[in-house]
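Values in this text are rule-based calculations from the coordinates and carry no lab data. This is a predicted model, so every value here is computed, not measured. Methodologically, a virtual Cβ is constructed for each residue, glycine included, from the backbone with ideal geometry; neighbour enumeration extends over all protein chains shown.
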Amino acid sequence: MIELLAAAAAGAAAAAGGIGGAAALRRRRAARVAAARVPERAERVSTIGQVLHLCVRGAPTGIVVLDISEDVILSNPAAHALGLVHERTPHRRVRDTALRVLDTGEPQTVNLVIPPRRAGAADTCVRCAVAPLTVADDRFVVLYGTDESELVRMESARRDFVANVSHELKTPVGALGLLVEALVQAKGDPEAVARFGASLTREADRLSTMITELIALSKLQGAEAPPDLEELPVRRIIEEAVHRARVPAEDAGIPLTWDCAADLRVRGDRALLVTAVANLISNAVNYSPEATPVTVSCARPDPETVAIRVTDRGIGISLADQERIFERFFRVDKARSRATGGTGLGLAIVKHVAANHGGAVKVWSRPGTGSTFTIELPAPREEGHPQ
Ligand code: ADP
C-alpha cells in the first residue's frame, strides 16, 4: 500500500514536474513516503495512540471521558480551562448528565454557566454534548464542551439592541402622529399650523438622523467590509468636521476654534473620521453654555499615536456616567439630548470608528468644568521607520 502511494505521489510529481516549488515539495514528500518502512502492527497501534493523545490534548474543544464509577479517565487542557473538570473531579452538572446518559444510553446536551476564577471577569457559557461510549464491557461517556460565551453575549446584545431600537423609533413616530393630528385640527389657525409644522419637521429630521446613524453603526459593526484606508492629513479631517459644526456653533453662540500641524497624517477612511470628529464637536457645542469656547486640536503624544482632541468647558460628565456614555442610546439627561436633536448614538459611532481604525476614544471630564474627548489612532508607518 505504502509503495503504491509512493508510486502515485511520484507519478503526480513527475506529471506536475517543473511547476517550481510545489512540484519539488511533492517530489520530496513522495521520497519520504517511499523511504518509510512498514511498521509492525503493535508499533502502528502505539503510534496511532500517540497521535490520538496529541489530537485530544491540542483540541480547542474540551474533551472529557468519564467511566461508570464517575472517574475522569481522560481530560484535555481545554476541558480544564472551561471548568468541566477541576483537578480530577468533574463539574457537578457534567457528572449528573453523564450518569443520566449512562443510565439511558441516550446522548444529551447541557448548557453550563461557569463562574469566573478571577474577580471581575465574566461567566463562561459552555455547551456540553454528552454521548455514551461503549468500549468492550466497560461503559464510558464522552463529553465535548465548547465555549459559547461570545455567542451568548452577542445574542443578548442583539436582543437588547432590537428592544432599544423599537423603543427609540416609537417615540418620534408617536410624536409625528400626534403632531399631524394637531395640525389637522388647527387648520383654521395659521400660527398654530406653522408651529406644529416646525415641530413636525424637527421630529422627522430626528427620525431620519436616527435611521442614518443606525445604518452607519451597523455598517461599522461588520455588516460591511472594513473601509479602504488612505493616508490623510489630520488637518483636513478636522477642517471638514469643524466646517460641518460651524452653523450650529454660531447658533448656540459658541466660539469654535481649531489648530493642527500640517504634517500630521493618519491612515483612515476620510468620511468616517470626519463623522467621528464632527460628532464630538457637535456634543461639545450641545453640552456647553453659551459663549464658552470649544477647541479642536491634534497631537503626536508618542511616535506610534496620533491624537485628535475636542475640548469644551461645558456641563461635564460624572465618573459613573463616563463608563456608559459610549453605549448605544445612553444619555445622561434624556430631555437635554432630545432638545438638541440627539439620538444617543453619536459616541457609539465615534467608538466604533476609532476601533475600526485600530484606535480608541478616551474621555476626561469633570462636572461643571468641561470635557475633553480624544480619538487616538495609530500613526502611519514612516519610510525607513518600521513600527
Ligand atoms: P446624544 O445624541 O444624546 O448626544 P451621544 O452618544 O453623542 O448621544 O452622547 C451620549 C451622552 O453623553 C449624551 O446624551 C450626553 O449626556 C453625554 N455627553 C456626550 N458628550 C458630552 C459633552 N461634551 N459634555 C457633556 N456630556 C456629554
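Observations on the structure shown:
- Helix 41-58 and the longest principal axis of the Cα set of the chain meet at an angle near 20°.
- Farthest toward positive dipole pole in region 60-147 [+1 Lys/Arg, -1 Asp/Glu at C-beta], among 101, 74, 124: 124
- Of all lysines in the structure, the ones whose alpha carbon falls short of 25 Å from that of residue 334, not counting any fewer than 8 places away in one chain, are 170, 351, 362.
- Magnitude of the charge dipole, region 60-147, Cβ model with Lys/Arg +1 and Asp/Glu -1, debye to 20: 400
- Principal-axis tilt of helix 92-104 within the chain, Cα atoms, nearest 10 degrees: 50
- Estimated FRET transfer efficiency when R0 is 25 angstrom, pair residue 205-residue 290 (beta carbons, to 0.05): 0.65
- Each Lys and Arg adds +1 at its Cβ and each Asp and Glu adds -1 at its Cβ; summed about the Cα centre, the chain shows a dipole of about 600 debye.
- Taking each residue as 0.36 nm, the span from residue 103 to residue 246 lengthens on full extension beyond its C-alpha to C-alpha distance by 44.1 nm.
- Of the peptides 329-338, 187-196, 230-239, the order by per-residue mean of other Cβ atoms within 10 Å, starting with the highest, comes out as 230-239, 329-338, 187-196.
- Between residue 118 and residue 323, residue separation times 0.36 nm minus the direct Cα-Cα distance comes to 71.7 nm.
- Between the helical axis of 190-218 and the longest alpha-carbon principal axis of the chain there is an angle of about 20 degrees.
- Scattering curve values for region 228-387, log₁₀ I(q)/I(0), Debye with Cα scatterers, q = 0.08, 0.12, 0.17, 0.20 Å⁻¹: -0.22, -0.49, -0.97, -1.31
- Divided by 2.2 N^0.38 Å, where N counts the residues, the Cα radius of gyration of the chain comes to 1.49.
- Antiparallel content of DSSP bridges confined to the chain, in %, to 5: 95
- Taking 0.36 nm per residue of separation and subtracting the current Cα-Cα distance, fully stretching the chain between residue 111 and residue 22 would add 27.4 nm.
- Over region 228-387, relative contact order from alpha-carbon pairs under 8 Å, at least 6 apart, %: 24
- Residue 71-residue 364 FRET efficiency (beta carbon distance; Förster radius 45 Å; 0.05 resolution): 0.20
- Working ranking of peptides 206-214, 154-162 by packing, defined as the average number of other Cβ atoms within 10 Å per residue, highest first, is 206-214, 154-162.
- Most positive-pole-ward Cα, 31, 266, 184, against dipole of the chain from beta carbon charges: 31
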